[in-house]
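> What follows is a structure written as structure tokens; I'll ask about it next.
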Amino acid sequence: MRPTPPIPNWIRDFRTRAYTNIYELCPNEPRLYGTESLYGDWDAPVLLLAKDFAPCTLVDERILKQDPRPFRHKCKMKTNVMLQQYTASLNCPLLYGSALAGLLRNDGKVRGALPDRAAVMPYARDVLRFTMSQMPNLVTIACLGADAWSCATQALEIKNADWKTHRIERRAINVGTINLVALAHPSTFPGGRATVEGDWQAMSQRLAA
């Protein structure tokens with residue numbers, strides 16, 4: 001398993017009013033994605049891409065409690081529990097990230113529309129392009145929701161590709177050697193849990209083909 005590559009200064013130094021960059025709070029943090037503590041193999045063939053990590057309040061609370069690794073996933077969080085159930089069918093190494101990487105929203109919300117979306121999506125696109133350049137075995141980007149899909153389609157310069165349509169039809173987009181897959185967020189069950197599980201099984205079959 002290969003750990004996080006060196007993170008460039010343009011990522012560490014990015015600042016915007018609606019978010020706190022994790023590297024402001026933890027200057028020596030080596031990870032690009034807090035969720036690398038769950039799946040963190042940069043040699044993996046699959047990148048799981050969510051929307052964002054967490055509000056800044058989560059990391060602030062951990063720092064106050066002198067947590068040695070405040071930028072990490074929550075083991076009992078529903079999203080992560082469900083994700084581990086779904087990914088069991090993939091049977092391969094994984095990297096788990098998010099479109100906004102280390103940007104922590106300042107509004108305290110754990111869900112809902114991204115604040116200042118227009119200002120941060122170009123940054124998210126460029127961070128994803130950096131990630132892709134550092135994953136030599138990348139085959140599949142699995143977008144866990146519409147915001148992750150938007151980030152990935154911008155990074156891959158794909159136009160007029162609707163996340164919901166591709167999720168319902170289980171239709172991947174092929175860009176060179178990369179397959180872009182639309183999936184529901186792990187904590188939601190559009191069409192029922194069996195349907196969502198079927199979406200993951202379909203991706204597993206594509207990987208095995």
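Taken together, the values in this text are just the output of simple stated rules run on the coordinates, not laboratory data. Computed from a predicted structure; not experimentally measured. For neighbour counting, all protein chains shown are included, and Cβ atoms are generated from backbone atoms with ideal geometry for every residue, glycine included.
> Among LYS76/LYS164; LYS51/LYS159; LYS78/LYS159; LYS74/LYS159, which pairs are too far apart, with a Cα-Cα distance over 23 Å?
Values: LYS76/LYS164 28 Å; LYS51/LYS159 19 Å; LYS78/LYS159 32 Å; LYS74/LYS159 34 Å.
With Cα atoms farther than 23 Å apart: LYS76/LYS164; LYS78/LYS159; LYS74/LYS159.
> In whole Hz and in residue order, list the ³J(HN,Hα) couplings for the stretch 59-64 that follow from phi through the Karplus curve 6.51 cos²θ - 1.76 cosθ + 1.60, θ = phi - 60°; x for Gly and Pro.
Karplus values, whole Hz, x for Gly and Pro: 5, 4, 5, 5, 5, 4.
> Which residues' amide hydrogens lie under 5 Å from the amide hydrogen of SER98, considering only partners 5 or more residues apart or on another chain, with H built in the peptide plane?
The answer is ALA50.
> Considering the options TRP149, LEU32, ALA101, tell which one lies farthest towards the positive end of the dipole of the chain, charges being +1 on Lys and Arg and -1 on Asp and Glu at the Cβ, about the Cα centre.
The one lying farthest along the dipole's positive direction is TRP149.
> Run the simple label-point estimate for SER187 and ARG17 please: 7 Å along Cα→C-beta, distance reported in nm.
Here the modelled spin labels are 2.8 nm apart.
> Once phi is turned into ³J(HN,Hα) by the Karplus curve 6.51 cos²θ - 1.76 cosθ + 1.60 with θ = phi - 60°, what whole-Hz value does each residue of the stretch 160-167 show in order, with x for glycine and proline?
Karplus values, whole Hz, x for Gly and Pro: 6, 10, 7, 4, 4, 4, 5, 5.
> Do the sum for the chain: with -39,500 (n - 2.57) for every DSSP H run of n ≥ 4, divided by all residues, what is the mean residue ellipticity at 222 nm, to the nearest 500 deg cm²/dmol? Don't jump to the answer; show the numbers that get you there.
Details: 8 runs with 77 residues, N = 209.
After summing the helix terms and dividing by residue count, I get -10500 deg cm²/dmol.
> Which ³J(HN,Hα) values, rounded to whole Hz and listed in residue order, are derived for the stretch 13-30 from phi using the Karplus coefficients 6.51, -1.76 and 1.60 in 6.51 cos²θ - 1.76 cosθ + 1.60 with θ = phi - 60°, glycine and proline given as x?
For the stretch 13-30, the Karplus-derived couplings read 9, 5, 9, 8, 5, 8, 9, 10, 6, 3, 6, 6, 8, 10, x, 9, 4, x Hz, x marking Gly and Pro.
> Mind checking which of ALA155, ALA99, ALA118 has the largest fluctuation in a GNM of the chain, springs on alpha carbons under 10 Å?
Maximum among the listed residues: ALA118.
> Now for a separate question. Counting pairs of alpha carbon atoms under 8 Å apart in space and at least six apart in sequence, what relative contact order in percent does the chain give?
On the way: 333 pairs, mean separation 51.1, N = 209.
Result for the chain is 24 percent.
> Still on this structure: Pick from CYS92, CYS143, CYS151 the residue whose mean-square fluctuation is largest in a GNM of the chain, springs joining Cα atoms under 10 Å.
Residue with maximal mean-square fluctuation among CYS92, CYS143, CYS151: CYS92.
> Tell me, what is the FRET efficiency for ARG206 and LYS65 to the nearest 0.05, using R0 = 35 angstrom and their Cβ-Cβ distance as r?
Details: r = 42 Å, r/R0 = 1.21.
Rounded to the nearest 0.05, the efficiency is 0.25.
> Measure nothing but the geometry: give the 0 to 90° angle between the long axis through the Cα atoms of 78-87 and the longest principal axis through the Cα atoms of the chain, rounded to 10°.
40 degrees
> Which percentage, to the nearest 5, of the DSSP beta bridges contained in the stretch 9-208 is antiparallel? Numbers along the way, then the final one.
Details: 8 of 23 bridges.
About 35 percent, rounded to the nearest 5.
> Continuing with this model, one more query. Could you pull out every residue, at least 5 positions away or on a different chain, whose amide H is within less than 5 Å of the one on LEU104? Hs are placed 1.01 Å off N in the peptide plane, and Pro or chain starts have none.
THR20, ASN21, ILE22
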